[in-house]
1. When the range 17-42 is examined, which residues are found to be over 22 Å from residue 99 (Cβ atoms) and assigned to a helix (DSSP H, G or I)?
2. Being surrounded by fewer than 23 Cβ atoms within 10 Å (Cβ to Cβ), in contact (Cβ under 8 Å) with a residue 60 or more places away in the chain and in contact with a helix residue (DSSP H, G or I) (Cβ under 7 Å, 6 or more places away or on another chain): is that true of residue 56 here?
3. Taking residue 4 and the conditions (1) in contact (Cβ under 8 Å) with a residue 60 or more places away in the chain; (2) within 23 Å of residue 100 (Cα to Cα); (3) surrounded by fewer than 13 Cβ atoms within 10 Å (Cβ to Cβ), which numbered condition does it fall short on, given that it satisfies the others?
4. I'm trying to understand the selection: among the residues of the range 61-108, which are in a strand (DSSP E or B) and closer than 15 Å to residue 120 by Cβ?
5. Identify the residue in the range 134-145 that is under 16 Å from the mean Cα position of the chain (by Cα) and in contact (Cβ under 8 Å) with a residue 40 or more places away in the chain and, among all such residues, is surrounded by the fewest Cβ atoms within 10 Å (Cβ to Cβ).
6. Does residue 47 fit the bill of being surrounded by 16 or more Cβ atoms within 10 Å (Cβ to Cβ) and in a strand (DSSP E or B)?
7. Identify, from the list 125, 106, the residue that is surrounded by 15 or more Cβ atoms within 10 Å (Cβ to Cβ), modelled with pLDDT of 90 or more, in contact with a helix residue (DSSP H, G or I) (Cβ under 7 Å, 6 or more places away or on another chain) and closer than 19 Å to residue 46 by Cα.
8. Would you please name the residue that is surrounded by the fewest Cβ atoms within 10 Å (Cβ to Cβ), looking only at residues in the range 60-81 that are out of contact with any strand residue (DSSP E or B) (no Cβ under 7 Å at 6 or more places or on another chain) and under 14 Å from residue 105 (Cα atoms)?
């Protein structure tokens, strides 16, 4: 499954996060790649608010490395791996446990290398004029969930 779209503005990026959230299940990962300022945290914020409450405070986990949210149906963990040096550090932060208990959103998943979760949606965000080009590729359990 692969899907590509263009997104104009923060509200549209958050809305894409909401659309992804509607397809997210426990044990799933959403892996967000793109340059600094591409909108990864904005997409994650829309996704997390869709699964919890619209008022949920969703700061970027750049310094805390992981933020945990209860969610209405299952927990969500938001990881930012930008400052990690190895995949092992992500697992020390509780990545496996977060997947066992609910779903995860991972910014900078390339730090995991081959250790990326099997059931994941890879979301590649590129700068595109005034907007963003977003390509989504489903892996594992995400295969067939292409009705974006």
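1. Result: 42, single match.
2. Values: surrounded by fewer than 23 Cβ atoms within 10 Å (Cβ to Cβ): yes; in contact (Cβ under 8 Å) with a residue 60 or more places away in the chain: no; in contact with a helix residue (DSSP H, G or I) (Cβ under 7 Å, 6 or more places away or on another chain): yes.
When the stated conditions are applied, residue 56 does not pass them.
3. Of (1) in contact (Cβ under 8 Å) with a residue 60 or more places away in the chain; (2) within 23 Å of residue 100 (Cα to Cα); (3) surrounded by fewer than 13 Cβ atoms within 10 Å (Cβ to Cβ), only one is false for residue 4: (2).
4. So in the range 61-108, the residues in a strand (DSSP E or B) come out as 66-69, 76-80, 103-107.
The answer is 76, 77, 78, 79, 103, 104, 105, 106, 107.
5. Among residues in the range 134-145 that are under 16 Å from the mean Cα position of the chain (by Cα) and in contact (Cβ under 8 Å) with a residue 40 or more places away in the chain, the one surrounded by the fewest Cβ atoms within 10 Å (Cβ to Cβ) is 135.
6. On the way: surrounded by 16 or more Cβ atoms within 10 Å (Cβ to Cβ): yes; in a strand (DSSP E or B): no.
Against the criterion (surrounded by 16 or more Cβ atoms within 10 Å (Cβ to Cβ) and in a strand (DSSP E or B)), residue 47 does not qualify.
7. Testing whether each residue is surrounded by 15 or more Cβ atoms within 10 Å (Cβ to Cβ), modelled with pLDDT of 90 or more, in contact with a helix residue (DSSP H, G or I) (Cβ under 7 Å, 6 or more places away or on another chain) and closer than 19 Å to residue 46 by Cα leaves just 125.
8. Pass one, the range 60-81, residues out of contact with any strand residue (DSSP E or B) (no Cβ under 7 Å at 6 or more places or on another chain): 63-64, 70-73.
Narrowing further to those that are under 14 Å from residue 105 (Cα atoms): 70-71.
Values: 70: 13, 71: 20.
Top of the filtered list is 70.
The values are calculated or read from the model by the stated rules, or taken from the named source; none is laboratory data. Quick caveat, the model's predicted, so the values are computed rather than measured. FYI the Cβ positions are ideal-geometry reconstructions off the backbone, even for glycines, and counts take in every protein chain you see.
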